Amino acid sequence: MISLSSQQVKAARALLGWTQEDLADASCLSLTSIRSFEVGYIPRYSTMNAICKAVENAGIEFTENDGVRRATAEIKLFRGASACDDFFKRVLETSKTSDADHVCIFVRDVKVLTQHCGFPPRSNLQRLEKVCTAIECKCLLLHGPAPVVTFRGLDLRMSTSELIGPLCVIMYGNRYGYFFREKLFKGEQQFMILEFNILSAAREYRAQFLSAWESAKPVVAKDKARTAF
């Protein structure tokens, strides 16, 4: 749940040069709702969410400890033989300090998880196993067969919706990464990963994921293929 303080909202308005009337218009709320929040009344979740979206859409993001800052979209490219190792190390480090209680994974092609890549070659399931020691991971598969998972912390479900764009999208903290195929390196498949640090987009992806997760079919033993990794 989003949690904002009246001080954060006032600071955000100051950065944007907005009056209370401007914020009311941008959030489609009444001026009374904005004034009440800023003098200390605790708003409903829907009110807080509307204020948060309006401010973030204007280029401001809320941070920990009642902070605000201008949003900066960061994009990082992971490429080459160490791309997957470096990326999953980033996922692990980010997850240790994030407020999120799980990592969300959309997978269009299960080979992204099971195929060996990098040097020395190993599967991304093996890399993900280490992440699962620090945080729960939820994985939606669009197409089967599902891989056999021999470690704890990874929950697999089969998605019934065509929701996924790239081969794989992994959401962690306020970041998300897109996987794309690269050319073979020493006979092994390689992946290029684009990491985005865009708060509003990350929240949107996570909301879509959780909605799809509720209607997805849990993977049971008989659905799993004998896939070695």
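The table below gives the values:
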quantity	calculated
Residue among Lys76, Lys130, Lys96 that alone is within 25 Å of Val169 (Cβ to Cβ), touching an Asp or Glu at 6+ places or on another chain (Cβ under 7 Å) and surrounded by fewer than 17 Cβ atoms within 10 Å (Cβ to Cβ)	Lys76
Residues within the range 59-73 that are surrounded by fewer than 18 Cβ atoms within 10 Å (Cβ to Cβ) and more than 17 Å from the chain's Cα centre (by Cα), tallied	7
Among residues of the range 101-115, those that are crowded, with 17+ Cβ neighbours inside 10 Å and part of a loop (DSSP other than H, G, I, E, B), counted	4
Restricting the range 79-93 to residues that are among the aliphatic types (A, V, I, L, M) and at pLDDT 90 or above, the residue that is surrounded by the most Cβ atoms within 10 Å (Cβ to Cβ)	Val91
Some residue of the range 141-157 being charged (D, E, K, R) and under 17 Å from Gly177 (Cα atoms)	no
Residue within the range 27-40 that is more than 26 Å from the chain's Cα centre (by Cα), under 19 Å from Gly67 (Cα atoms) and at pLDDT below 90 present	yes
Residue count, the range 24-47 (criterion: of a type in the set (Val, Ile, Thr), part of a loop (DSSP other than H, G, I, E, B) and out of contact with any Ser or Thr (no Cβ under 8 Å at 6 or more places or on another chain))	1
Number of the condition not met by Arg69 [criteria: (1) modelled with pLDDT of 90 or more; (2) touching a strand residue (DSSP E or B) at 6+ places or on another chain (Cβ under 9 Å); (3) of a type in the set (Lys, Arg)]	(1)
Pick from the range 1-50, criterion crowded, with 17+ Cβ neighbours inside 10 Å and touching a Pro at 6+ places or on another chain (Cβ under 8 Å), ranking: farthest from Gly173 (Cα to Cα)	Ser33
Tally, over the range 142-157, of residues that are at pLDDT 90 or above, surrounded by 15 or more Cβ atoms within 10 Å (Cβ to Cβ) and either in a loop (DSSP other than H, G, I, E, B) or out of contact with any Pro (no Cβ under 7 Å at 6 or more places or on another chain) (or both)	4
Pairs, first over 17 Å from Asn57 (Cβ atoms) in the range 1-27, second of a type in the set (S, T, N, Q), C-beta under 9 Å, six or more apart	Met1/Asn49
Selection within the range 42-83 - over 30 Å from Leu31 (Cα atoms) and touching a helix residue (DSSP H, G or I) at 6+ places or on another chain (Cβ under 6 Å)	Phe78
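Per-residue answers, yes or no, for (1) β-branched (Val, Ile, Thr); (2) more than 24 Å from Arg79 (Cβ to Cβ); (3) touching a residue at least 60 places away in the same chain (Cβ under 8 Å):
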| position | (1), (2), (3) |
| --- | --- |
| Ser98 | no, yes, yes |
| Pro120 | no, no, no |
| Leu125 | no, no, yes |
| Ala134 | no, yes, no |
| Leu142 | no, yes, no |
| Gly153 | no, yes, no |
| Leu156 | no, yes, yes |
| Asn174 | no, no, yes |
| Tyr178 | no, no, no |
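The values are calculated or read from the model by the stated rules, or taken from the named source; none is laboratory data. Bear in mind that the values here come from a model prediction, so they are computed numbers and not experimental data. Because the Cβ atoms are built from the backbone with ideal geometry, glycine has one as well, and the counts that use them run over all protein chains shown.
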